[in-house]
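Undergrad: A single structure is presented below for examination.
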């Protein structure tokens, strides 16, 4: 039973354009959501998070949108850069400091 | 801030031996640490949650006698893979949770350990 789903295993965009990575969840008790970027053979690097009391959080080129009614969140990267090419994981937790449940990841490729 | 150091970054061991992986929080106290395992091209699978001073909580299907977790202090958790076999070869990652006024709470990951059992 996958509680966090990233249905697109890969995404390819042109440099300078917007990258939109999607994530769906099934557990309505999740109240904190995070996006991580990961390179092969390295640990995940935190990008941005959002609490369930918000519907948008922005940090530089990264914006996360949360639609609680649809149990859907998305990560927007604008403008996309070749260095953004990596696997992006969506994660969710229930309550503070509780375990994270990860999606399967989306491999983003930004072409120069 | 919130740096997690994980060692070793890679290790090769013989079948039947044990391997210890360390995870340290360098600039904060980590009451809770998490251990993950990642198979090639797959997601991070949570193995166990480790709380300082108490027994770890293992996820379903994870053998607690094989994957020994010790969280003896607020800055150190260790994962020992006992009697390792080739099927234990994987990428192991630790994580520590923390809280702050700015981001409520967060999770920082170690750089991972590539274990190869031959």
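Undergrad: Here's a check for you: in the range A:87-109, which residue that is at positive phi and touching a strand residue (DSSP E or B) at 6+ places or on another chain (Cβ under 6 Å) is surrounded by the most Cβ atoms within 10 Å (Cβ to Cβ)?
TA: To start, the set of residues in the range A:87-109 that are at positive phi comprises A:95, A:97, A:105.
Now restrict to residues that are touching a strand residue (DSSP E or B) at 6+ places or on another chain (Cβ under 6 Å): A:97, A:105.
Working: A:97: 20, A:105: 25.
Checked the range A:87-109; the qualifying residue surrounded by the most Cβ atoms within 10 Å (Cβ to Cβ) is A:105.
Undergrad: Restricting attention to the range A:23-45, report how many residues are buried (at least 16 other Cβ atoms within 10 Å of the Cβ) and within 18 Å of residue A:85 (Cβ to Cβ).
TA: Going through the range A:23-45 one residue at a time, the tally reaches 7.
Undergrad: Report the residue count in the range A:19-66 for those that are touching a strand residue (DSSP E or B) at 6+ places or on another chain (Cβ under 7 Å) and assigned to a strand (DSSP E or B).
TA: Of the residues in that region, 29 qualify.
Undergrad: Between residues in the range A:80-99 that are away from every other protein chain (no Cβ under 14 Å) and touching a residue at least 40 places away in the same chain (Cβ under 8 Å) and residues that are assigned to a strand (DSSP E or B) and surrounded by fewer than 20 Cβ atoms within 10 Å (Cβ to Cβ), which pairs lie under 6 Å by C-beta distance while being six or more apart or on different chains?
TA: If the second residue must be assigned to a strand (DSSP E or B) and surrounded by fewer than 20 Cβ atoms within 10 Å (Cβ to Cβ), the pairs left are A:80/A:13.
Undergrad: Please list, ordered by residue number, the strands (runs of 3 or more DSSP E) wholly in the range B:28-115 having 3 or more residues that are within 14 Å of chain A (Cβ to nearest Cβ) and either touching a strand residue (DSSP E or B) at 6+ places or on another chain (Cβ under 9 Å) or crowded, with 18+ Cβ neighbours inside 10 Å (or both).
TA: Details: elements: B:32-38, B:44-51, B:67-73, B:76-81, B:90-100, B:104-109.
In the range B:28-115, the matching strands (runs of 3 or more DSSP E) lie at B:32-38, B:44-51, B:90-100, B:104-109.
Undergrad: Scan the range A:67-83 residue by residue and report those that are surrounded by 19 or more Cβ atoms within 10 Å (Cβ to Cβ) and outside any strand (DSSP E or B).
TA: Of everything in the range A:67-83, just one residue is surrounded by 19 or more Cβ atoms within 10 Å (Cβ to Cβ) and outside any strand (DSSP E or B), namely A:80.
Undergrad: Of the residues A:59, A:55, which single one is within 12 Å of chain B (Cβ to nearest Cβ) and exposed (fewer than 15 other Cβ atoms within 10 Å of the Cβ)?
TA: After ruling out the rest, the residue left standing is A:59.
Undergrad: Does at least one position in the range A:1-12 carry a residue that is at the interface with chain B (Cβ under 10 Å from one of its Cβ atoms) and either free of Cβ contacts under 8 Å to residues at least 12 places away in the same chain or buried (at least 16 other Cβ atoms within 10 Å of the Cβ) (or both)? If you could, list the steps in order and put the result at the bottom.
TA: If we filter the range A:1-12 for residues that are at the interface with chain B (Cβ under 10 Å from one of its Cβ atoms), which is where we start, we get A:2, A:4, A:6, A:9.
Okay, now just the ones that are also either free of Cβ contacts under 8 Å to residues at least 12 places away in the same chain or buried (at least 16 other Cβ atoms within 10 Å of the Cβ) (or both), so A:4, A:6.
Checked against the condition, which is being at the interface with chain B (Cβ under 10 Å from one of its Cβ atoms) and either free of Cβ contacts under 8 Å to residues at least 12 places away in the same chain or buried (at least 16 other Cβ atoms within 10 Å of the Cβ) (or both), the range A:1-12 yields at least one hit.
FYI, it's all coordinate maths here, none of it is from the lab. Because the structure is predicted, anything quoted here is derived from the model rather than measured. Heads up, the Cβs are rebuilt from the backbone with ideal geometry, glycines too, and the neighbour counts pull from every protein chain shown.
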